[in-house]
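What follows is a single structure, written as structure tokens, with notes after it.
The values are calculated or read from the model by the stated rules, or taken from the named source; none is laboratory data. Just so it is clear, the structure is predicted and the values come from calculations on it, not from any experiment. Note that each Cβ is placed from the backbone with ideal geometry, even for glycine, and that neighbours are counted across all protein chains shown.
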Amino acid sequence: MNLSLELAKEDLKPVFENLMQLYIYDFSEFIPTDLKADGKFAPYPALDSYWEQPGIRFPYLVKSADTIVGFVLVRQIISEEKNYFSIAEFFILRSHRRKGWGSIVAQLAFDLHKGNWEVYQWNTNLPAQLFWRTVITRYTGGDYYEFSRDGKLVQVFYNQ
């Protein structure tokens, strides 16, 4: 297993647009969404910003050797009150799940961005909550806290 995160240049945006259709389909189990008349889901509204705001938004392709197996969208939130990183979207193809790859990919993302983190899951997405609690507990040795806000569960931690 040779997993890596590759920061994607803008010419790979169509790959993200295609993968996003699979992601939205998977996610529709937890957040209802409908197909448009052309049989596709609506485009991910913030995707362009990942190339318009370098240094604040980070589009990563997940690769195993040279094969794309998913993506991670990381963003940095900077306000007067807070400065933290967040996993905006996280996707591993179904054929590559349950191999421990998601945990490895999450740890790679955390390692690339040192500092404060907040990781969110919809309250309806119980599998994601279990996944992120497990990953963050391992990564931090249990040194994190969580709370609910606006229909989401949030884990907060700091990595050096």
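Going through segment 100-128 one residue at a time, which ones are of a type in the set (S, T, N, Q) and more than 24 Å from ARG57 (Cβ to Cβ)?
Let us first name the residues in segment 100-128 that are of a type in the set (S, T, N, Q), namely 103, 107, 116, 121, 123-125.
Passing the criteria: ASN123, THR124.
Which is surrounded by fewer than 16 Cβ atoms within 10 Å (Cβ to Cβ) and either over 21 Å from ILE92 (Cα atoms) or modelled with pLDDT of 95 or more (or both), of TYR139, TYR145? Spell out how you get there, then give the answer.
Values: TYR139 fails: surrounded by fewer than 16 Cβ atoms within 10 Å (Cβ to Cβ).
Just a single option satisfies the conditions, and that option is TYR145.
Do the conditions hold for LYS152, that is, is it touching a strand residue (DSSP E or B) at 6+ places or on another chain (Cβ under 7 Å), of a type in the set (Lys, Arg) and surrounded by 13 or more Cβ atoms within 10 Å (Cβ to Cβ)? Outline the logic, then answer.
Numbers: touching a strand residue (DSSP E or B) at 6+ places or on another chain (Cβ under 7 Å): yes; of a type in the set (Lys, Arg): yes; surrounded by 13 or more Cβ atoms within 10 Å (Cβ to Cβ): yes.
Taking the combined requirement at face value, the residue satisfies it.
Restricting segment 111-133 to residues that are among the polar types (S, T, N, Q) and either surrounded by 17 or more Cβ atoms within 10 Å (Cβ to Cβ) or in contact with a His (Cβ under 6 Å, 6 or more places away or on another chain) (or both), which is farthest from TYR158 (Cα to Cα)? Show your work before the answer.
To start, the set of residues in segment 111-133 that are among the polar types (S, T, N, Q) comprises 116, 121, 123-125, 129.
Still in the running and either surrounded by 17 or more Cβ atoms within 10 Å (Cβ to Cβ) or in contact with a His (Cβ under 6 Å, 6 or more places away or on another chain) (or both): 121, 125, 129.
Values: GLN121: 18, ASN125: 24, GLN129: 19 Å.
That would be ASN125.
For segment 135-145, indicate whether the set of residues that are in a strand (DSSP E or B), of a type outside the set (Ser, Thr, Tyr) and within 15 Å of the chain's Cα centre (by Cα) is non-empty. Before the answer, list the steps.
Going residue by residue through segment 135-145, those that are in a strand (DSSP E or B) are 145.
Next cut, of a type outside the set (Ser, Thr, Tyr) only: none.
Looking through segment 135-145, none of the residues is in a strand (DSSP E or B), of a type outside the set (Ser, Thr, Tyr) and within 15 Å of the chain's Cα centre (by Cα).
Scan segment 85-110 for residues that are without any contact (Cβ under 8 Å) to a residue 60 or more places away in the chain, over 9 Å from the mean Cα position of the chain (by Cα) and under 17 Å from PHE157 (Cβ atoms) and jot them down. Outline the logic, then answer.
Looking only at segment 85-110, we keep the residues that are without any contact (Cβ under 8 Å) to a residue 60 or more places away in the chain, and these are 85-88, 90, 92, 95-98, 100, 102-103, 106-107, 110.
Subset that is over 9 Å from the mean Cα position of the chain (by Cα): 85, 92, 95-98, 100, 102-103, 107, 110.
The answer is PHE85, SER103, GLN107, PHE110.
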